[in-house]
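Undergrad: Can you keep this structure in mind? I'll have questions shortly.
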Amino acid sequence: MEKRDSWGSRLGFIMAAAGSAVGLGNIWKFPYTAGSNGGGAFVLIYLIFVVFIGFSIMLTEFAVGRRKNLAAVGAFKSVDKRWTFAGVIGVLSGFLIMGFYPVVGGWALAYVFKTFTGLLSAPDAIGDVFGGFITNAWQPLLWMLAFLLMNVVIVARGVSTGIEQAGKILMPILFGILIIISIKGLTLPGAAAGMEFLFKPDFSAINMSVILAALGQAFFSLSLGMGCMITYGSYLKKSENLVSNAAIVTGMDTGVALLAGIAMFPAMFAFGIEPTAGPGLVFVVVPHLFAEMGGVGVLFAGLFFIALTVAALTSSVSLLEVVVAYLIDERKFTRRNAVLASSGVMALLCVLASLSLGGVGPMLFGTGAFDVFDLLTDKIFLAVGGALLAVFAGWRLNKEELKNEITNNGEVKFGIFGLWYGLVKFVIPVVIAIVAIGGILDGFEAGKGPIMLIGLGIIALFAAISKKL
Ligand code: PFF
């Protein structure tokens, strides 16, 4: 077996974990999901989930990963084979998310080039350019492959070299540009309506679908519920403070999501773009915003898409790493073969996802591959995976052992251990169960119910054959 990798430094781990968390989920998905789920009310529920569920689950993932020194599947399996399925569902989620994530990563990469080759010179066409691009058969596929290839190269070399370096430099750039965009957007006439939409909750907009969307967004954005942070935690040194790491990563991720919202919504309202515009939001709003600034605008927009690509990359490598770590730890692959085999499957899934946006390819209950992968992971697998981890930690692991791991055998103060433990053991599983069931029932109205039920079916099936996995 190859030697287990470990993080180069404290900052290296934080940047890698934050790099995993901060990605397309924050900058691409959060704004359009908030936009189509009513704005402020969604944001409020999302924030509540982040604080009470997200932080607690992140801490649990770090603790379990470091304690067992094994990636997702191994961490469960080493304790009890009946639990292996909980890790395997995480690996499946990794595959499915990587079945559409590189498609969007490819869009970001393509937009670096589009920005520098005249996209901004015809502002009125920006919306059509996006629509035309993603429904085109070949172009997005080539960009997707380019993006996936970057993942392959980085993950093949091991987690701690490439990822740490790229994140350290480009994450601050992304942050800086988002601030510039926000200031620019906020100064446009009519911008205030955007802030109001984003932060003033309209409680009549809340229903179970909105609540499930907020829960899914919290898990997706924080990279939780699929063993990613278990895997990253398994490479973490014993002396690290898990509590502060979890708090910093959660805080950074949420900060970037809110900043992305502030960067998008005021500008959207000023330009008269509908908040329900959907997945094209960033790709239309940002070029629009910089269009009338001339050369400087091109530079800012270009830098934005470079940083977005890198943010996507530091997340997608963590997704790929979950699958690769499983193949290395449990299936005895070499790192190289693990990377090649898994990225090959992911490329095929991405082709299906990308083509589905142009209306080509198989459908499931009237839904194309892109949306099926998104729906299954974001609305079912991640949240249920989080609930399973909570039950596992609360009911299967030993309380003292967890306490020792989290406090580094008493060295680190964690005054609210009892509160955290109560949340993990009782509250989180119950809340997730209620939200998932309510959301699925609501989902039937939008025709998404059957697919979500299939998701639950897959989980039940894996649970039944857990010992054989
Ligand atoms: N958190 C990433 C984002 O917000 O873009 C996506 C993600 C990465 C989800 C890793 C899950 C994961 F395990």
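The values are calculated or read from the model by the stated rules, or taken from the named source; none is laboratory data. On a predicted model such as this, the values are computed, not experimentally measured, just so you know. When we count neighbours, we look across all protein chains shown, and the Cβ atoms used for this are built from the backbone with ideal geometry, even at glycine.
Undergrad: Within segment 12-93, which helices (runs of 4 or more DSSP H) (wholly inside it) include 2 or more residues that are among the aromatic types (Phe, Trp, Tyr) and within 26 Å of VAL430 (Cα to Cα)?
TA: 40-49, 55-68
Undergrad: Being in contact (Cβ under 8 Å) with a residue 12 or more places away in the chain, within 24 Å of the chain's Cα centre (by Cα) and over 24 Å from THR33 (Cβ atoms), is that true of even one residue in segment 396-415?
TA: No, the conditions are met nowhere in segment 396-415.
Undergrad: Follow-up. From the set of residues in segment 209-229 that are polar (S, T, N, Q) and more than 8 Å from the ligand (Cβ to nearest atom), which is surrounded by the fewest Cβ atoms within 10 Å (Cβ to Cβ)?
TA: Out of the qualifying residues, it is SER209.
Undergrad: Condition check: surrounded by fewer than 24 Cβ atoms within 10 Å (Cβ to Cβ), more than 16 Å from the ligand (Cβ to nearest atom) and closer than 30 Å to ARG396 by Cα. Does ILE134 satisfy that? Give the steps one after another, and end with the answer.
TA: Details: surrounded by fewer than 24 Cβ atoms within 10 Å (Cβ to Cβ): yes; more than 16 Å from the ligand (Cβ to nearest atom): yes; closer than 30 Å to ARG396 by Cα: no.
The answer is no for ILE134.
Undergrad: Specify the residue that is nearest to the chain's Cα centre (by Cα); the eligible residues are those in segment 300-314 that are of a type in the set (Gly, Ala, Ser) and crowded, with 24+ Cβ neighbours inside 10 Å.
TA: ALA312
Undergrad: Then there is this: Could you identify the single residue in ILE57, ILE89, ILE45 that is surrounded by fewer than 24 Cβ atoms within 10 Å (Cβ to Cβ) and on the phi < 0 side of the Ramachandran plot?
TA: Numbers: ILE57 fails: surrounded by fewer than 24 Cβ atoms within 10 Å (Cβ to Cβ); ILE89 fails: surrounded by fewer than 24 Cβ atoms within 10 Å (Cβ to Cβ).
Testing whether each residue is surrounded by fewer than 24 Cβ atoms within 10 Å (Cβ to Cβ) and on the phi < 0 side of the Ramachandran plot leaves just ILE45.
Undergrad: Does segment 326-340 contain at least one residue that is touching a Ser or Thr at 6+ places or on another chain (Cβ under 7 Å) and in contact (Cβ under 8 Å) with a residue 24 or more places away in the chain?
TA: Scanning segment 326-340 turns up no residue that is touching a Ser or Thr at 6+ places or on another chain (Cβ under 7 Å) and in contact (Cβ under 8 Å) with a residue 24 or more places away in the chain.
Undergrad: Turning to a different aspect of this structure: Where residues in segment 316-342 are crowded, with 22+ Cβ neighbours inside 10 Å and among the small types (Gly, Ala, Ser), which of them is farthest from the ligand (Cβ to nearest atom)?
TA: ALA338
Undergrad: Here is a check on your reading of the model: is MET363 free of Cβ contacts under 8 Å to residues at least 40 places away in the same chain and either of a type outside the set (Gly, Ala, Ser) or at positive phi (or both)?
TA: Against the criterion (free of Cβ contacts under 8 Å to residues at least 40 places away in the same chain and either of a type outside the set (Gly, Ala, Ser) or at positive phi (or both)), MET363 qualifies.
Undergrad: Check LYS200 against each of (1) at pLDDT 95 or above; (2) on the phi > 0 side of the Ramachandran plot and name the one condition it does not meet.
TA: Failed condition: (2).
Undergrad: Moving on to the next point. I'd like to verify a number: residues in segment 264-315 that are within 16 Å of the ligand (Cβ to nearest atom) and aliphatic (A, V, I, L, M), how many?
TA: Qualifying residue count for the region: 9.
Undergrad: Next up: Checking ILE97 against (1) within 16 Å of the ligand (Cβ to nearest atom); (2) in contact with a Ser or Thr (Cβ under 6 Å, 6 or more places away or on another chain); (3) at pLDDT 90 or above; (4) farther than 30 Å from ALA460 by Cβ, which single condition isn't satisfied?
TA: (4)
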